[in-house]
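Trainee: Below: one structure in structure tokens.
The values are calculated or read from the model by the stated rules, or taken from the named source; none is laboratory data. No experiment lies behind these values; they were computed from the predicted model shown. Using ideal geometry, Cβ is built from the backbone for each residue, glycine included, and neighbour counts are taken over all protein chains shown.
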Amino acid sequence: MSKLEIHQIPVLNDNYLYLIKDPDSDAVGIVDPAQADPVLEKLNELGWKLTHILNTHHHWDHTGANLELKEKTGCTIVGSASDAARIPGIDVEVREGEHYIFGTRQAKVIEVSGHTNGHIAYWFEESDALFCGDTLFALGCGRLFEGTPMKMWESLSKLSALPDQTEIYCAHEYTEANAQFALTIEPQNSKLKARYDHIQKLRAENKPTVPSTIGVEKATNPFLRPAIIDIQDNLNMQGADVVDVFAEIRARKDTFVN
Ligand code: ZN
Ligand code: FE
């Protein structure tokens with residue numbers, strides 16, 4: 001079974017939209033449309049017709065074009081059942097563990113609250129593709145606007161349990177700043193240092209650093225590594241509960257100035 005076709009569309013300062021197509025049907029989706037025009041232009045260029053919007057969470061930079069795109073294309077809007085009231089134009093409400101049928105493919109819905117309540121991720125297992133909005137970023141994680149550290153840790157733990165080759169299509173290009181922060185938490189991580197070098201090269205050429213993979217994130221992302229001894233040592237939190245270590249890393253990131 002061939003993989004989904006995925007086009008990354010950069011919009012605003014640092015958002016990524018993902019236009020996806022099932023190669024074996026006419027199903028075409030846009031994940032988290034902040035703006036309509038860039039999506040309509042890309043659809044036009046590819047000769048595709050939009051059938052779905054997949055929203056991860058309610059923030060305007062993920063749902064801002066829902067109503068305009070629905071009006072212009074008649075597409076179906078899919079979002080979280082537990083946050084339906086805040087998803088503009090929602091047609092289909094999906095829940096944790098459900099498999100949403102997208103053409104001939106399916107996306108497993110994973111509830112990943114923490115950044116917002118009712119935030120969800122879409123996992124296309126056969127395509128090794130995860131659309132996770134503002135939950136897991138390359139070398140980072142979303143701010144805890146509505147959830148506790150415990151809730152976000154549970155959410156990130158669900159994502160880090162996915163296969164290592166799973167590609168992480170997150171919604172923002174925050175990677176370079178995240179890497180600078182990550183190096184303050186685990187300066188001795190040689191994979192992280194090598195990754196930072198690579199990220200700097202990509203960004204100097206204005207190239208995306210996304211997608212990443214679960215395997216790479218597990219080896220380098222401090223928010224997935226609160227159980228690592230070096231990190232606990234660096235934070236003076238030897239033997240502490242991983243949720244407390246995670247909370248400390250998140251708190252430090254909130255006040256980190258690049
Ligand atoms: Zn957000
Ligand atoms: Fe966002």
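Trainee: Between a first residue in the stretch 47-64 that is assigned by TED's automatic domain parsing to the domain that holds Glu111 and over 23 Å from Ser113 (Cβ atoms) and a second residue that is more than 16 Å from ligand 2 (Cβ to nearest atom) and assigned to a loop (DSSP other than H, G, I, E, B), which pairs have beta carbons less than 6 Å apart while being 6 or more apart in sequence or on different chains?
Mentor: So the pair list comes out as Leu50/Cys75; Thr51/Ala27; Thr51/Cys75.
Trainee: Still on this structure, please answer the following. In the stretch 77-95, which residues are assigned to a strand (DSSP E or B) and either under 19 Å from the mean Cα position of the chain (by Cα) or within 16 Å of ligand 1 (Cβ to nearest atom) (or both)? Before the answer, list the steps.
Mentor: So in the stretch 77-95, the residues assigned to a strand (DSSP E or B) come out as 77-80, 92-94.
Scanning the stretch 77-95 gives Ile77, Val78, Gly79, Ser80, Val94.
Trainee: Could you tell me whether the stretch 132-146 includes any residue that is polar (S, T, N, Q), in a loop (DSSP other than H, G, I, E, B) and more than 27 Å from Pro226 (Cα to Cα)? Quick ask: steps written out before the conclusion?
Mentor: Of the residues in the stretch 132-146, the ones polar (S, T, N, Q) are 135.
Imposing the further condition that a residue be in a loop (DSSP other than H, G, I, E, B) reduces the set to 135.
Adding the requirement that they be more than 27 Å from Pro226 (Cα to Cα) leaves none.
No, because not a single residue in the stretch 132-146 is polar (S, T, N, Q), in a loop (DSSP other than H, G, I, E, B) and more than 27 Å from Pro226 (Cα to Cα).
Trainee: State the number of residues belonging to the stretch 223-233 that are within 26 Å of Asp134 (Cβ to Cβ) and in contact with a Pro (Cβ under 8 Å, 6 or more places away or on another chain).
Mentor: Of the stretch 223-233, the ones within 26 Å of Asp134 (Cβ to Cβ) are 223-228, 231.
The next check asks that each one be in contact with a Pro (Cβ under 8 Å, 6 or more places away or on another chain); those that pass are 231.
Qualifying residue count for the region: 1.
Trainee: Can you name the condition, by its number, that Phe181 falls short on among (1) in contact with a strand residue (DSSP E or B) (Cβ under 8 Å, 6 or more places away or on another chain); (2) in contact (Cβ under 8 Å) with a residue 60 or more places away in the chain; (3) under 29 Å from Leu54 (Cα atoms)?
Mentor: For Phe181, the failing item is (3).
Trainee: Also, quick follow-up: Could you check, for the stretch 12-23, whether at least one of its residues is more than 21 Å from Val210 (Cα to Cα), among the β-branched types (Val, Ile, Thr) and at pLDDT 95 or above?
Mentor: The answer is no; no qualifying residue exists.
Trainee: Can you find even one residue in the stretch 96-118 that is part of a strand (DSSP E or B) and within 16 Å of ligand 1 (Cβ to nearest atom)?
Mentor: We begin by selecting, within the stretch 96-118, every residue part of a strand (DSSP E or B); these are 99-102, 105-111.
This time we only want the ones that are within 16 Å of ligand 1 (Cβ to nearest atom), so: 111.
Yes; the residues of the stretch 96-118 include at least one that is part of a strand (DSSP E or B) and within 16 Å of ligand 1 (Cβ to nearest atom).
Trainee: A further question on this structure: Among the residues of the stretch 8-24, is there at least one that is more than 25 Å from Gly114 (Cβ to Cβ), in contact (Cβ under 8 Å) with a residue 24 or more places away in the chain, β-branched (Val, Ile, Thr) and not in a strand (DSSP E or B)?
Mentor: For the stretch 8-24, residues more than 25 Å from Gly114 (Cβ to Cβ), in contact (Cβ under 8 Å) with a residue 24 or more places away in the chain, β-branched (Val, Ile, Thr) and not in a strand (DSSP E or B): absent.
Trainee: Among Thr135, Thr116, which is under 12 Å from the mean Cα position of the chain (by Cα) and either crowded, with 17+ Cβ neighbours inside 10 Å or of a type in the set (Asp, Glu) (or both)? Before you say what the answer is, go through the steps one by one.
Mentor: Numbers: Thr116 fails: under 12 Å from the mean Cα position of the chain (by Cα).
Only one candidate qualifies: Thr135.
Trainee: Quick test for you: out of Glu146, Glu154, Glu111, Glu173, pick the one residue that is crowded, with 19+ Cβ neighbours inside 10 Å, within 24 Å of Asp244 (Cβ to Cβ) and not hydrophobic (A, V, I, L, M, F, W, C).
Mentor: Details: Glu146 fails: crowded, with 19+ Cβ neighbours inside 10 Å; Glu154 fails: crowded, with 19+ Cβ neighbours inside 10 Å; Glu173 fails: within 24 Å of Asp244 (Cβ to Cβ).
Checking each option against the conditions leaves just Glu111.
Trainee: Just checking, how many residues over the stretch 56-76 are crowded, with 21+ Cβ neighbours inside 10 Å, more than 14 Å from ligand 1 (Cβ to nearest atom) and either part of a strand (DSSP E or B) or not aliphatic (A, V, I, L, M) (or both)?
Mentor: Going through the stretch 56-76 one residue at a time, the tally reaches 2.
Trainee: What number of residues in the stretch 206-242 are touching a helix residue (DSSP H, G or I) at 6+ places or on another chain (Cβ under 6 Å), charged (D, E, K, R) and closer than 10 Å to Glu186 by Cβ?
Mentor: Here the count works out to 1.
Trainee: For the stretch 33-46, which residues satisfy the criterion of being assigned to a loop (DSSP other than H, G, I, E, B) and under 23 Å from Gln106 (Cα atoms)?
Mentor: Here is the first cut: in the stretch 33-46, the residues assigned to a loop (DSSP other than H, G, I, E, B) are 33-36.
Within the stretch 33-46, Pro33 is the sole residue that qualifies.
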